[in-house]
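The values are calculated or read from the model by the stated rules, or taken from the named source; none is laboratory data. The structure displayed is predicted, hence computed values, not measured ones. Cβ atoms come from the backbone with ideal geometry, glycine included; neighbour counts cover every protein chain shown. Ligands, DNA and RNA are excluded from the accessible area calculation, which covers all protein heavy atoms including side chains. Shrake-Rupley method; radii C 1.70, N 1.55, O 1.52, S 1.80 Å.
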Amino acid sequence: MSIEQTLSDRAGNVCEFCRATEALRPLDVGPDTDGTAEMAVLACATCADQISGSTDIDPKHWLCLNEAAWSQVPPVQVVAYRMLSRMRDESWARDLLDMLYLDDETLAWAKAGLGGSAGEGDDGVVHKDTHGAVLAAGDTVTLIKDLKVKGANFTAKRGTAVRNISLVADNASQIEGRVNDQRIVILTEFVKKA
């Protein structure tokens, strides 16, 4: 059976992201693809062009990830993670990325294909924790001291794990994460990489 037929059967003859039925094609999910369906997705032309970067990302089109991100298919999870990471300036994408859970192997695969080196924002800003370990979007960090959260009526306690952090692109001393179901900005000097 061809890869196209295998992917069509898996996806039910629709794009695995936006559910479109026209112009479907297999798309390898790198960086180290083996040419099998286990490392590929079935995508429409619109999704495929935006995933590959040949056209600009239309965040409204990717609202489909609100459903597709919960797929149990690893290559679909990987592409969803990467697209959400590329749109992290959209609040809905950042929130969905915070909720997304990938097993360690799938998360490593997703991070391996993100543009730039891990721990660097688009402008080359490097975020480091209190011990100098480089932080990357999606990492888990632990608070090393109690932090009073401005504008909220709580204190983020020392030892709290903050999962799936986002990096503040223009400030190496700040990250964002969810604590007590609120998205907050945290100074990197108060966290250590888990």
Quick one: is SER91 farther than 14 Å from LEU114 by Cα and either out of contact with any strand residue (DSSP E or B) (no Cβ under 7 Å at 6 or more places or on another chain) or in contact (Cβ under 8 Å) with a residue 40 or more places away in the chain (or both)?
yes
Within the stretch 52-63, the residues that are within 25 Å of GLU105 (Cβ to Cβ), surrounded by fewer than 20 Cβ atoms within 10 Å (Cβ to Cβ) and either modelled with pLDDT of 90 or more or among the polar types (S, T, N, Q) (or both) are SER52
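Consider the stretch 139-154. How many of its residues are open to solvent by 20 Å² or more (accessible area, probe 1.4 Å) and out of contact with any helix residue (DSSP H, G or I) (no Cβ under 7 Å at 6 or more places or on another chain)? Steps first, answer last, please.
We begin by selecting, within the stretch 139-154, every residue open to solvent by 20 Å² or more (accessible area, probe 1.4 Å); these are 140, 142, 144-148, 150-151, 153-154.
Those left that are additionally out of contact with any helix residue (DSSP H, G or I) (no Cβ under 7 Å at 6 or more places or on another chain): 140, 142, 146, 148, 150-151, 153-154.
Of the residues in the stretch 139-154, 8 are open to solvent by 20 Å² or more (accessible area, probe 1.4 Å) and out of contact with any helix residue (DSSP H, G or I) (no Cβ under 7 Å at 6 or more places or on another chain).
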Evaluation of ILE57 against (1) in contact with a strand residue (DSSP E or B) (Cβ under 9 Å, 6 or more places away or on another chain); (2) without any contact (Cβ under 8 Å) to a residue 60 or more places away in the chain; (3) in a loop (DSSP other than H, G, I, E, B) (one fails), failing number
(1)
Residues (in a loop (DSSP other than H, G, I, E, B), open to solvent by 30 Å² or more (accessible area, probe 1.4 Å) and either more than 20 Å from SER91 (Cα to Cα) or touching a residue at least 24 places away in the same chain (Cβ under 8 Å) (or both)) located in the stretch 155-182:
LYS157, ARG158, GLY159, THR160, ARG163, ALA169, ASP170, ASN171, ALA172, SER173, ASN180
Considering the stretch 130-147 alone, what residues qualify as being in a strand (DSSP E or B) and at pLDDT 90 or above?
VAL141, THR142, LEU143, LEU147
State yes or no: is VAL41 β-branched (Val, Ile, Thr), free of Cβ contacts under 8 Å to residues at least 60 places away in the same chain, more than 25 Å from THR160 (Cα to Cα) and touching a strand residue (DSSP E or B) at 6+ places or on another chain (Cβ under 9 Å)?
yes
In the stretch 91-123, what residues are modelled with pLDDT under 90, open to solvent by 40 Å² or more (accessible area, probe 1.4 Å) and not in a helix (DSSP H, G or I)?
TYR101, LEU114, GLY115, GLY116, SER117, ALA118, GLU120, ASP122, ASP123
